[in-house]
Amino acid sequence: MKKYFFVTTPIYYPSGNLHIGHAYTTTLADVISRYKKEDGFEVFFLTGSDEHGQKIEEKAKEQNLKPKEYVDEIVKGFLNLWKLLNIDYTRFIRTTDEDHVVAVKEIFSDLLEKKLIYPSTYKGKYCISCEEFLTKEQMDETFHHFVCGKEAKNFEEETYMLKVSSFKKYLQELFSTDFLEPESRKKEMLNNFINNDLEDLSVTRVSFNWGIQIKENPKHVIYVWLDALSNYITALGYKSKNNELLKKFWSKDTEILQIIGKEITRFHSIYWPVILNSLGLKTPDKLLSHGWILSGDKKMSKSIGNVLDPIEIINTYSSDALRFYIINNLPTDKDGSFTNELFIESFNNNLANNIGNLISRVSNMIIKYFDGLLPIKKVSNHWLVKNAFDTIKNYKEKMDSYNMSEATQIVLKLAQECNKFIEDSKPWTLEKENKLEELLEVLSVLQKNIVIISYLLKPILVNSYPNMINQMGLDPKDINFKNLEKDFKFKKIINKLVLFERIK
Ligand code: MSP
(Lines give C-alpha, C1' and ligand atoms only; values in the text may rest on other atoms or scores of the structure.)
Protein backbone atom coordinates (compact mmCIF):
# COMPACT_ATOMS: atom_id res chain seq x y z
CA MET A 1 0.00 0.00 0.00
CA LYS A 2 1.25 3.50 -0.86
CA LYS A 3 2.35 5.52 2.15
CA TYR A 4 1.80 9.29 2.32
CA PHE A 5 3.62 11.86 4.41
CA PHE A 6 2.83 15.57 4.77
CA VAL A 7 5.29 17.82 6.56
CA THR A 8 5.01 21.56 7.14
CA THR A 9 7.04 24.42 8.59
CA PRO A 10 5.49 27.63 9.84
CA ILE A 11 5.12 30.19 7.10
CA TYR A 12 7.57 32.94 7.98
CA TYR A 13 6.87 36.68 8.17
CA PRO A 14 8.64 38.60 5.43
CA SER A 15 9.28 41.44 7.86
CA GLY A 16 13.01 41.07 7.32
CA ASN A 17 15.49 38.47 6.15
CA LEU A 18 15.42 34.99 7.59
CA HIS A 19 17.97 33.93 10.17
CA ILE A 20 19.37 30.71 11.62
CA GLY A 21 16.20 30.15 13.69
CA HIS A 22 14.09 29.85 10.55
CA ALA A 23 16.76 27.76 8.84
CA TYR A 24 16.55 25.42 11.84
CA THR A 25 12.86 24.55 11.46
CA THR A 26 13.07 24.33 7.69
CA THR A 27 16.10 22.04 7.75
CA LEU A 28 14.39 19.72 10.23
CA ALA A 29 11.45 19.48 7.85
CA ASP A 30 13.68 18.96 4.83
CA VAL A 31 15.69 16.18 6.44
CA ILE A 32 12.64 14.27 7.61
CA SER A 33 11.06 14.75 4.21
CA ARG A 34 14.11 13.35 2.41
CA TYR A 35 14.26 10.43 4.84
CA LYS A 36 10.60 9.59 4.27
CA LYS A 37 11.13 9.61 0.51
CA GLU A 38 14.01 7.16 0.94
CA ASP A 39 11.68 5.08 3.08
CA GLY A 40 9.15 4.76 0.25
CA PHE A 41 6.67 7.49 1.17
CA GLU A 42 5.08 9.88 -1.27
CA VAL A 43 5.88 13.18 0.40
CA PHE A 44 4.46 16.69 0.30
CA PHE A 45 6.68 19.23 2.01
CA LEU A 46 5.15 22.65 2.52
CA THR A 47 6.75 25.91 3.52
CA GLY A 48 6.04 29.53 2.66
CA SER A 49 5.56 33.12 3.74
CA ASP A 50 2.95 34.80 5.94
CA GLU A 51 2.55 38.10 4.19
CA HIS A 52 -0.41 39.95 5.67
CA GLY A 53 -0.84 41.99 8.83
CA GLN A 54 -0.12 45.24 10.55
CA LYS A 55 3.60 44.69 10.98
CA ILE A 56 4.18 44.11 7.27
CA GLU A 57 1.95 47.07 6.39
CA GLU A 58 4.06 49.31 8.65
CA LYS A 59 7.38 47.97 7.32
CA ALA A 60 6.29 48.64 3.75
CA LYS A 61 5.19 52.16 4.68
CA GLU A 62 8.62 52.85 6.24
CA GLN A 63 10.15 52.08 2.85
CA ASN A 64 7.53 53.94 0.82
CA LEU A 65 6.44 50.76 -0.87
CA LYS A 66 3.13 49.04 -1.37
CA PRO A 67 2.94 45.99 0.93
CA LYS A 68 2.97 43.58 -2.01
CA GLU A 69 6.02 45.26 -3.55
CA TYR A 70 7.76 45.10 -0.20
CA VAL A 71 7.04 41.40 0.41
CA ASP A 72 7.90 40.41 -3.17
CA GLU A 73 11.45 41.61 -2.59
CA ILE A 74 11.86 39.90 0.78
CA VAL A 75 10.35 36.64 -0.43
CA LYS A 76 12.97 36.50 -3.20
CA GLY A 77 15.50 36.32 -0.38
CA PHE A 78 13.58 33.43 1.26
CA LEU A 79 13.64 31.45 -1.97
CA ASN A 80 17.32 32.13 -2.45
CA LEU A 81 18.14 30.93 1.06
CA TRP A 82 16.15 27.72 0.62
CA LYS A 83 17.95 27.04 -2.62
CA LEU A 84 21.36 27.54 -1.05
CA LEU A 85 20.39 25.32 1.87
CA ASN A 86 19.10 22.55 -0.46
CA ILE A 87 15.56 22.78 0.85
CA ASP A 88 13.53 20.57 -1.45
CA TYR A 89 9.96 21.75 -0.73
CA THR A 90 6.98 20.67 -2.77
CA ARG A 91 5.18 24.00 -2.56
CA PHE A 92 6.18 27.41 -1.30
CA ILE A 93 2.88 29.02 -0.42
CA ARG A 94 2.45 32.77 -0.11
CA THR A 95 -0.63 34.01 1.73
CA THR A 96 -1.04 36.49 -1.12
CA ASP A 97 -1.44 33.58 -3.59
CA GLU A 98 -4.81 33.86 -5.30
CA ASP A 99 -5.95 30.30 -4.50
CA HIS A 100 -5.15 30.82 -0.81
CA VAL A 101 -6.99 34.16 -0.63
CA VAL A 102 -10.13 32.71 -2.20
CA ALA A 103 -10.08 29.67 0.07
CA VAL A 104 -9.57 31.70 3.27
CA LYS A 105 -12.63 33.82 2.48
CA GLU A 106 -14.60 30.60 2.05
CA ILE A 107 -13.31 29.19 5.31
CA PHE A 108 -14.40 32.34 7.11
CA SER A 109 -17.87 32.24 5.53
CA ASP A 110 -18.23 28.58 6.35
CA LEU A 111 -17.41 29.10 10.03
CA LEU A 112 -19.65 32.18 10.20
CA GLU A 113 -22.50 30.19 8.76
CA LYS A 114 -21.92 27.44 11.31
CA LYS A 115 -22.06 30.17 14.00
CA LEU A 116 -18.59 29.21 15.16
CA ILE A 117 -17.54 32.76 14.26
CA TYR A 118 -19.64 35.66 15.61
CA PRO A 119 -19.39 39.51 15.57
CA SER A 120 -18.17 41.16 18.78
CA THR A 121 -15.64 43.65 20.19
CA TYR A 122 -12.21 42.84 21.56
CA LYS A 123 -10.52 44.69 24.39
CA GLY A 124 -7.06 43.84 25.61
CA LYS A 125 -3.33 44.02 24.87
CA TYR A 126 -1.81 43.39 21.45
CA CYS A 127 1.79 42.75 20.41
CA ILE A 128 2.23 44.03 16.86
CA SER A 129 5.68 42.52 16.50
CA CYS A 130 4.32 39.01 17.10
CA GLU A 131 0.82 39.77 15.74
CA GLU A 132 -0.62 38.31 18.92
CA PHE A 133 -3.28 39.21 21.49
CA LEU A 134 -1.62 38.67 24.85
CA THR A 135 -2.86 37.26 28.14
CA LYS A 136 -1.41 38.65 31.38
CA GLU A 137 0.77 35.54 31.76
CA GLN A 138 2.60 36.53 28.57
CA MET A 139 3.77 40.00 29.73
CA ASP A 140 5.75 41.55 32.57
CA GLU A 141 4.22 44.20 34.87
CA THR A 142 5.00 46.97 32.35
CA PHE A 143 3.20 45.04 29.61
CA HIS A 144 6.32 43.97 27.71
CA HIS A 145 5.92 40.69 25.85
CA PHE A 146 8.20 37.98 27.27
CA VAL A 147 8.95 36.54 23.81
CA CYS A 148 10.11 39.66 21.95
CA GLY A 149 10.53 42.23 24.73
CA LYS A 150 8.29 44.76 22.91
CA GLU A 151 5.55 46.70 24.68
CA ALA A 152 2.04 45.47 23.96
CA LYS A 153 -0.47 48.16 22.97
CA ASN A 154 -3.96 48.77 24.33
CA PHE A 155 -6.45 47.51 21.92
CA GLU A 156 -10.18 47.90 21.52
CA GLU A 157 -11.78 47.06 18.26
CA GLU A 158 -14.85 45.70 16.59
CA THR A 159 -14.03 42.15 15.55
CA TYR A 160 -15.33 38.71 14.73
CA MET A 161 -14.52 36.03 17.29
CA LEU A 162 -13.94 32.29 16.89
CA LYS A 163 -15.76 30.29 19.55
CA VAL A 164 -12.73 28.54 20.96
CA SER A 165 -14.26 28.44 24.45
CA SER A 166 -16.83 25.86 23.43
CA PHE A 167 -14.05 23.41 22.44
CA LYS A 168 -12.68 22.88 25.93
CA LYS A 169 -13.69 19.24 26.15
CA TYR A 170 -12.48 18.51 22.65
CA LEU A 171 -9.10 20.03 23.44
CA GLN A 172 -8.80 18.18 26.74
CA GLU A 173 -9.35 14.93 24.89
CA LEU A 174 -6.87 15.89 22.20
CA PHE A 175 -4.29 16.71 24.85
CA SER A 176 -4.70 13.28 26.40
CA THR A 177 -3.12 11.87 23.22
CA ASP A 178 0.51 12.30 22.19
CA PHE A 179 -0.22 14.68 19.32
CA LEU A 180 1.89 17.48 20.83
CA GLU A 181 5.54 17.01 21.63
CA PRO A 182 7.38 17.55 23.93
CA GLU A 183 5.35 16.64 26.98
CA SER A 184 6.39 19.81 28.84
CA ARG A 185 4.69 21.99 26.22
CA LYS A 186 1.51 19.98 26.62
CA LYS A 187 1.41 20.75 30.34
CA GLU A 188 2.05 24.43 29.67
CA MET A 189 -0.87 24.63 27.24
CA LEU A 190 -3.21 22.76 29.57
CA ASN A 191 -2.29 24.83 32.64
CA ASN A 192 -2.10 28.25 31.02
CA PHE A 193 -4.91 28.06 28.53
CA ILE A 194 -7.09 24.98 28.14
CA ASN A 195 -7.82 24.26 31.80
CA ASN A 196 -7.65 27.94 32.67
CA ASP A 197 -9.63 30.69 30.88
CA LEU A 198 -10.07 29.28 27.42
CA GLU A 199 -10.99 32.48 25.61
CA ASP A 200 -12.48 33.01 22.17
CA LEU A 201 -10.06 34.24 19.53
CA SER A 202 -10.39 37.47 17.59
CA VAL A 203 -10.13 36.59 13.90
CA THR A 204 -10.62 39.92 12.10
CA ARG A 205 -9.27 43.47 12.35
CA VAL A 206 -10.63 46.82 11.16
CA SER A 207 -7.73 49.18 11.87
CA PHE A 208 -5.52 48.21 8.95
CA ASN A 209 -6.10 47.06 5.38
CA TRP A 210 -3.30 44.71 4.46
CA GLY A 211 -5.13 41.43 4.74
CA ILE A 212 -7.83 39.26 3.26
CA GLN A 213 -11.16 41.09 3.25
CA ILE A 214 -14.20 39.14 4.35
CA LYS A 215 -17.12 39.06 1.94
CA GLU A 216 -19.72 39.62 4.64
CA ASN A 217 -18.35 42.92 5.96
CA PRO A 218 -15.54 44.36 3.82
CA LYS A 219 -14.19 46.76 6.41
CA HIS A 220 -12.85 43.68 8.23
CA VAL A 221 -9.70 41.90 7.14
CA ILE A 222 -8.90 38.47 8.47
CA TYR A 223 -6.51 38.55 11.38
CA VAL A 224 -3.17 37.01 10.48
CA TRP A 225 -3.51 33.73 12.36
CA LEU A 226 -6.72 32.48 10.74
CA ASP A 227 -5.22 33.45 7.40
CA ALA A 228 -1.84 31.91 8.21
CA LEU A 229 -2.93 28.63 9.77
CA SER A 230 -5.26 27.93 6.87
CA ASN A 231 -2.25 27.75 4.53
CA TYR A 232 -1.65 24.17 5.61
CA ILE A 233 -4.84 23.06 3.87
CA THR A 234 -5.31 25.70 1.18
CA ALA A 235 -1.89 24.66 -0.18
CA LEU A 236 -3.41 21.25 -0.84
CA GLY A 237 -6.45 22.70 -2.59
CA TYR A 238 -8.95 22.96 0.27
CA LYS A 239 -12.10 24.74 -1.00
CA SER A 240 -10.84 24.59 -4.57
CA LYS A 241 -12.28 22.50 -7.38
CA ASN A 242 -9.22 20.34 -7.56
CA ASN A 243 -8.71 18.76 -4.18
CA GLU A 244 -6.83 15.63 -5.24
CA LEU A 245 -3.85 16.67 -3.15
CA LEU A 246 -5.99 17.24 -0.11
CA LYS A 247 -7.46 13.76 -0.44
CA LYS A 248 -3.96 12.32 -0.58
CA PHE A 249 -2.18 14.40 2.01
CA TRP A 250 -4.83 15.37 4.56
CA SER A 251 -6.54 12.03 4.91
CA LYS A 252 -6.79 9.72 7.88
CA ASP A 253 -4.15 7.43 6.34
CA THR A 254 -1.59 10.18 5.76
CA GLU A 255 1.11 10.75 8.34
CA ILE A 256 0.97 14.49 9.03
CA LEU A 257 3.81 16.20 10.85
CA GLN A 258 3.82 19.91 11.62
CA ILE A 259 7.06 21.41 12.89
CA ILE A 260 7.01 24.75 14.71
CA GLY A 261 9.01 26.79 17.20
CA LYS A 262 7.73 26.77 20.76
CA GLU A 263 6.47 30.38 20.79
CA ILE A 264 3.68 29.56 18.37
CA THR A 265 2.55 26.38 20.11
CA ARG A 266 -0.66 27.99 21.38
CA PHE A 267 -1.80 28.81 17.85
CA HIS A 268 -0.96 25.39 16.49
CA SER A 269 -2.06 23.18 19.35
CA ILE A 270 -5.25 25.02 20.37
CA TYR A 271 -6.64 27.28 17.63
CA TRP A 272 -5.55 25.17 14.68
CA PRO A 273 -7.19 21.94 15.92
CA VAL A 274 -10.33 23.97 16.71
CA ILE A 275 -10.40 25.32 13.15
CA LEU A 276 -9.77 21.87 11.68
CA ASN A 277 -12.41 20.27 13.84
CA SER A 278 -14.91 22.98 12.88
CA LEU A 279 -14.21 22.24 9.22
CA GLY A 280 -14.55 18.49 9.76
CA LEU A 281 -10.89 17.77 9.05
CA LYS A 282 -8.49 15.56 10.97
CA THR A 283 -5.90 16.90 13.42
CA PRO A 284 -2.25 16.42 12.46
CA ASP A 285 -0.69 13.24 13.81
CA LYS A 286 2.16 15.12 15.37
CA LEU A 287 2.92 18.70 16.27
CA LEU A 288 6.62 18.93 17.01
CA SER A 289 7.29 22.10 18.94
CA HIS A 290 11.03 22.65 19.08
CA GLY A 291 13.09 24.86 21.36
CA TRP A 292 14.85 28.07 20.45
CA ILE A 293 18.29 28.82 19.20
CA LEU A 294 19.61 31.20 21.78
CA SER A 295 22.22 33.87 21.52
CA GLY A 296 23.59 34.19 25.03
CA ASP A 297 20.48 33.52 27.08
CA LYS A 298 18.06 35.26 24.71
CA LYS A 299 16.05 33.92 21.78
CA MET A 300 17.78 34.70 18.52
CA SER A 301 15.29 37.02 16.83
CA LYS A 302 14.90 39.81 14.31
CA SER A 303 13.25 42.11 16.83
CA ILE A 304 16.06 41.66 19.37
CA GLY A 305 18.63 42.03 16.58
CA ASN A 306 21.00 39.26 17.72
CA VAL A 307 20.69 37.09 14.64
CA LEU A 308 23.16 35.07 12.59
CA ASP A 309 22.78 35.04 8.82
CA PRO A 310 22.58 31.50 7.41
CA ILE A 311 23.79 32.69 4.01
CA GLU A 312 27.06 33.86 5.53
CA ILE A 313 27.53 30.49 7.19
CA ILE A 314 26.76 28.61 3.98
CA ASN A 315 29.16 30.79 2.01
CA THR A 316 31.94 30.47 4.57
CA TYR A 317 31.56 26.74 5.24
CA SER A 318 28.93 24.87 3.22
CA SER A 319 25.25 24.11 3.27
CA ASP A 320 25.96 20.52 4.34
CA ALA A 321 27.97 21.78 7.30
CA LEU A 322 25.08 23.98 8.39
CA ARG A 323 22.51 21.23 7.86
CA PHE A 324 24.66 18.85 9.87
CA TYR A 325 25.07 21.22 12.81
CA ILE A 326 21.34 21.90 12.91
CA ILE A 327 20.35 18.26 12.92
CA ASN A 328 23.11 16.85 15.09
CA ASN A 329 23.72 19.63 17.59
CA LEU A 330 20.27 21.08 18.13
CA PRO A 331 17.93 18.41 19.52
CA THR A 332 14.35 19.64 19.29
CA ASP A 333 13.33 19.07 22.89
CA LYS A 334 15.48 21.84 24.33
CA ASP A 335 16.90 25.26 23.53
CA GLY A 336 20.26 25.19 21.78
CA SER A 337 23.19 27.45 21.02
CA PHE A 338 24.73 28.49 17.79
CA THR A 339 28.13 30.11 17.98
CA ASN A 340 31.03 29.98 15.54
CA GLU A 341 33.16 28.11 18.07
CA LEU A 342 30.56 25.40 18.67
CA PHE A 343 29.95 25.10 14.95
CA ILE A 344 33.63 24.63 14.09
CA GLU A 345 34.20 22.23 16.97
CA SER A 346 31.30 20.05 15.87
CA PHE A 347 32.38 20.11 12.23
CA ASN A 348 35.95 19.14 13.05
CA ASN A 349 35.06 16.41 15.53
CA ASN A 350 32.24 14.80 13.62
CA LEU A 351 32.65 15.49 9.93
CA ALA A 352 36.40 15.99 9.54
CA ASN A 353 37.95 13.70 12.17
CA ASN A 354 35.29 11.01 12.27
CA ILE A 355 33.44 10.62 8.95
CA GLY A 356 35.87 12.30 6.53
CA ASN A 357 38.89 10.65 8.05
CA LEU A 358 37.26 7.22 7.95
CA ILE A 359 36.35 7.53 4.28
CA SER A 360 39.74 8.79 3.21
CA ARG A 361 41.68 6.19 5.19
CA VAL A 362 39.62 3.32 3.81
CA SER A 363 39.56 4.49 0.20
CA ASN A 364 43.32 5.16 0.31
CA MET A 365 43.99 1.66 1.62
CA ILE A 366 41.75 0.06 -1.01
CA ILE A 367 43.65 1.97 -3.69
CA LYS A 368 47.04 1.25 -2.18
CA TYR A 369 46.65 -2.43 -1.32
CA PHE A 370 44.17 -3.61 -3.96
CA ASP A 371 44.56 -1.11 -6.77
CA GLY A 372 41.11 0.36 -5.99
CA LEU A 373 39.04 -2.81 -6.28
CA LEU A 374 38.55 -5.45 -3.59
CA PRO A 375 37.97 -9.05 -4.72
CA ILE A 376 34.40 -10.06 -3.76
CA LYS A 377 34.22 -11.07 -0.13
CA LYS A 378 31.03 -11.77 1.84
CA VAL A 379 31.14 -10.01 5.19
CA SER A 380 27.54 -9.83 6.39
CA ASN A 381 28.29 -12.15 9.29
CA HIS A 382 31.13 -10.05 10.61
CA TRP A 383 30.36 -8.49 14.02
CA LEU A 384 30.98 -4.93 12.80
CA VAL A 385 28.68 -5.37 9.81
CA LYS A 386 26.06 -6.78 12.17
CA ASN A 387 26.52 -3.62 14.24
CA ALA A 388 25.88 -1.64 11.10
CA PHE A 389 22.66 -3.56 10.45
CA ASP A 390 21.55 -2.81 14.02
CA THR A 391 22.45 0.81 13.42
CA ILE A 392 20.08 0.91 10.44
CA LYS A 393 17.27 -0.42 12.62
CA ASN A 394 17.95 1.96 15.51
CA TYR A 395 18.38 4.92 13.17
CA LYS A 396 15.02 4.20 11.56
CA GLU A 397 13.31 3.96 14.92
CA LYS A 398 14.66 7.38 15.89
CA MET A 399 13.83 8.95 12.55
CA ASP A 400 10.33 7.48 12.63
CA SER A 401 9.77 9.22 15.94
CA TYR A 402 11.28 12.44 14.47
CA ASN A 403 14.28 12.27 16.75
CA MET A 404 16.79 13.31 14.13
CA SER A 405 19.58 14.34 16.45
CA GLU A 406 19.73 10.96 18.17
CA ALA A 407 19.42 9.18 14.82
CA THR A 408 22.50 11.08 13.62
CA GLN A 409 24.44 10.30 16.76
CA ILE A 410 23.77 6.60 16.31
CA VAL A 411 25.41 6.81 12.88
CA LEU A 412 28.35 8.81 14.18
CA LYS A 413 28.91 6.16 16.82
CA LEU A 414 29.16 3.48 14.14
CA ALA A 415 31.76 5.60 12.33
CA GLN A 416 33.76 5.86 15.55
CA GLU A 417 33.62 2.09 15.92
CA CYS A 418 34.92 1.75 12.38
CA ASN A 419 37.82 4.12 13.09
CA LYS A 420 38.63 2.12 16.19
CA PHE A 421 38.43 -1.09 14.16
CA ILE A 422 41.12 0.29 11.87
CA GLU A 423 43.36 1.05 14.86
CA ASP A 424 42.75 -2.39 16.36
CA SER A 425 43.12 -4.48 13.20
CA LYS A 426 46.08 -2.49 11.79
CA PRO A 427 45.64 -3.17 8.07
CA TRP A 428 49.16 -1.81 7.35
CA THR A 429 50.65 -4.59 9.49
CA LEU A 430 48.45 -7.22 7.84
CA GLU A 431 49.79 -6.07 4.51
CA LYS A 432 53.40 -6.18 5.70
CA GLU A 433 52.90 -9.67 7.05
CA ASN A 434 51.22 -10.69 3.82
CA LYS A 435 47.97 -11.69 5.59
CA LEU A 436 45.98 -10.77 2.52
CA GLU A 437 42.79 -12.69 3.38
CA GLU A 438 42.54 -10.88 6.69
CA LEU A 439 43.36 -7.58 5.08
CA LEU A 440 40.66 -8.15 2.50
CA GLU A 441 38.12 -8.93 5.20
CA VAL A 442 38.94 -5.80 7.21
CA LEU A 443 38.68 -3.52 4.19
CA SER A 444 35.50 -5.20 2.91
CA VAL A 445 33.86 -4.72 6.30
CA LEU A 446 34.87 -1.07 6.35
CA GLN A 447 33.75 -0.47 2.78
CA LYS A 448 30.34 -1.98 3.51
CA ASN A 449 29.97 0.05 6.70
CA ILE A 450 30.92 3.30 5.04
CA VAL A 451 28.22 2.78 2.42
CA ILE A 452 25.69 2.30 5.22
CA ILE A 453 26.95 5.31 7.18
CA SER A 454 26.87 7.51 4.07
CA TYR A 455 23.40 6.39 3.08
CA LEU A 456 22.01 7.11 6.54
CA LEU A 457 23.50 10.60 6.41
CA LYS A 458 22.19 11.22 2.89
CA PRO A 459 19.13 13.27 4.01
CA ILE A 460 21.50 15.68 5.78
CA LEU A 461 24.65 15.73 3.63
CA VAL A 462 22.90 16.38 0.35
CA ASN A 463 25.86 17.75 -1.62
CA SER A 464 28.52 15.50 -0.10
CA TYR A 465 26.63 12.22 -0.37
CA PRO A 466 27.44 11.48 -4.03
CA ASN A 467 31.15 12.04 -3.32
CA MET A 468 31.06 9.87 -0.22
CA ILE A 469 29.51 7.04 -2.21
CA ASN A 470 31.73 7.45 -5.28
CA GLN A 471 34.67 7.32 -2.97
CA MET A 472 33.59 3.79 -2.07
CA GLY A 473 33.24 2.71 -5.71
CA LEU A 474 29.46 2.87 -5.99
CA ASP A 475 26.92 4.98 -7.78
CA PRO A 476 24.61 6.92 -5.39
CA LYS A 477 21.49 5.88 -7.24
CA ASP A 478 22.25 2.18 -6.75
CA ILE A 479 21.58 2.33 -3.00
CA ASN A 480 18.28 2.30 -1.16
CA PHE A 481 16.82 0.98 2.08
CA LYS A 482 15.75 -2.24 0.35
CA ASN A 483 19.24 -3.26 -0.78
CA LEU A 484 21.34 -1.60 1.90
CA GLU A 485 22.07 -4.88 3.69
CA LYS A 486 22.69 -6.85 0.50
CA ASP A 487 26.05 -7.28 -1.24
CA PHE A 488 27.03 -4.52 -3.64
CA LYS A 489 28.99 -4.79 -6.82
CA PHE A 490 31.72 -2.22 -6.26
CA LYS A 491 33.64 -0.49 -9.04
CA LYS A 492 37.28 0.47 -9.01
CA ILE A 493 38.00 3.48 -6.81
CA ILE A 494 40.14 6.02 -8.60
CA ASN A 495 39.52 9.36 -6.91
CA LYS A 496 41.32 10.52 -3.85
CA LEU A 497 38.94 13.23 -2.68
CA VAL A 498 39.34 14.99 0.62
CA LEU A 499 35.91 15.20 2.17
CA PHE A 500 35.16 17.55 5.07
CA GLU A 501 38.53 19.20 5.36
CA ARG A 502 39.25 20.38 8.90
CA ILE A 503 38.35 24.01 9.60
CA LYS A 504 41.38 25.80 11.02
N1 MSP B 1 4.11 33.83 10.60
C2 MSP B 1 4.17 33.18 11.85
C3 MSP B 1 3.88 31.68 11.72
C4 MSP B 1 2.59 31.33 11.06
S5 MSP B 1 2.44 29.62 10.84
C6 MSP B 1 0.89 29.38 10.37
C7 MSP B 1 5.54 33.38 12.48
N8 MSP B 1 6.53 33.73 11.64
S9 MSP B 1 8.04 34.02 12.10
O10 MSP B 1 8.69 34.56 10.91
O11 MSP B 1 8.09 34.81 13.26
O12 MSP B 1 8.70 32.61 12.32
C13 MSP B 1 8.58 31.94 13.53
C14 MSP B 1 9.23 30.58 13.42
O15 MSP B 1 10.61 30.71 13.05
C16 MSP B 1 9.28 29.82 14.74
O17 MSP B 1 8.12 29.10 14.98
C18 MSP B 1 10.45 28.91 14.50
O19 MSP B 1 10.04 27.87 13.68
C20 MSP B 1 11.41 29.80 13.74
N21 MSP B 1 12.29 30.55 14.64
C22 MSP B 1 12.47 31.91 14.64
N23 MSP B 1 13.41 32.22 15.57
C24 MSP B 1 13.84 31.10 16.18
C25 MSP B 1 14.88 30.80 17.10
N26 MSP B 1 15.64 31.72 17.65
N27 MSP B 1 15.09 29.49 17.37
C28 MSP B 1 14.40 28.48 16.76
N29 MSP B 1 13.43 28.75 15.89
C30 MSP B 1 13.03 30.04 15.70
O31 MSP B 1 5.66 33.18 13.67
- Karplus (6.51, -1.76, 1.60) ³J(HN,Hα), θ = phi - 60°, over the stretch 101-108, in Hz, Gly and Pro reported as x: 4, 4, 5, 5, 4, 5, 4, 4
- Query: Against the longest alpha carbon principal axis of the chain, how many degrees, from 0 to 90 and to the nearest 10, is the axis of helix 67-84 turned?
  - Reply: 20 degrees
- Task: Pop out the ³J(HN,Hα) list for the stretch 256-273 in order, Karplus 6.51 cos²θ - 1.76 cosθ + 1.60 with θ = phi - 60°, rounded to Hz; leave Gly and Pro as x.
- Result: 10, 10, 10, 10, 9, x, 5, 6, 10, 5, 4, 5, 8, 9, 10, 5, 5, x
- Task: Please give the helix 319-329 orientation as an angle from the longest Cα principal axis of the chain, in degrees from 0 to 90, rounded to the nearest 10.
- Result: 80 degrees
- Message: Around residue 325, under 13 Å between beta carbons, what's the net of Lys plus Arg minus Asp minus Glu among the other residues?
- Response: -2
- Query: Carbon-plus-sulfur fraction of the accessible area of the stretch 340-478, 1.4 Å probe, in percent?
  - Reply: 48 percent
- Only Lys, Arg, Asp and Glu count, each charged at its Cβ (+1, +1, -1, -1), so figure out the dipole size of the stretch 192-348 about its Cα centre, rounded to 20 debye. 700 debye
- Message: I'd like to compare 208-214, 468-474: which one has the highest average count of other Cβ atoms within 10 Å, and what's the full order after that?
- Response: 468-474, 208-214
- Query: When you count, for each residue, the other Cβ atoms within 10 Å and take the mean per peptide, how do 389-396, 349-356 rank with the highest first?
  - Reply: 349-356, 389-396
- Query: Hey, if you put +1 on the Cβ of every Lys and Arg and -1 on every Asp and Glu Cβ in the chain, which of 198, 365, 231 ends up farthest toward the positive end of that dipole?
  - Reply: 365
- Charge dipole (debye, nearest 20) of the chain; +1 at Cβ of Lys and Arg, -1 at Cβ of Asp and Glu: 1140 debye
- Item | Cut-off 12 Å between beta-carbons: net charge of the residues surrounding residue 435, Lys and Arg +1, Asp and Glu -1 | -3
- Difference of contour (0.36 nm per residue) and Cα-Cα distance, residue 503 to residue 240: 89.6 nm
- Item | Placed amide H near residue 338: partners under 5 Å, 5+ positions off or other chain | 294
- Amide H to amide H, which residues 5 or more places from residue 13 or on other chains are under 5 Å from it, using H placed in the peptide plane? 50
- Whole-number accessible area per residue in Å² for the chain, which is evaluated in the context of all protein chains at 1.4 Å: 43 Å²
- Message: Can you give me the long-range amide H partners of residue 161? Hydrogens built in the peptide plane at 1.01 Å from N, cutoff under 5 Å, separation of 5 or more residues or another chain.
- Response: 118, 120, 203
- Message: Just to confirm the filter: which trypsin sites (Lys or Arg not before Pro) across the stretch 417-461 are DSSP coil and have at most 15 other Cβ within 10 angstrom of their Cβ?
- Response: 435
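The values are calculated or read from the model by the stated rules, or taken from the named source; none is laboratory data. Note that the structure is a prediction, hence the values are computed from the model and not measured. Neighbour counts run over all protein chains shown; Cβ positions are idealised from the backbone, glycine included. SASA here: full protein model, heavy atoms, side chains in, ligands and nucleic acids out. Shrake-Rupley method; radii C 1.70, N 1.55, O 1.52, S 1.80 Å.
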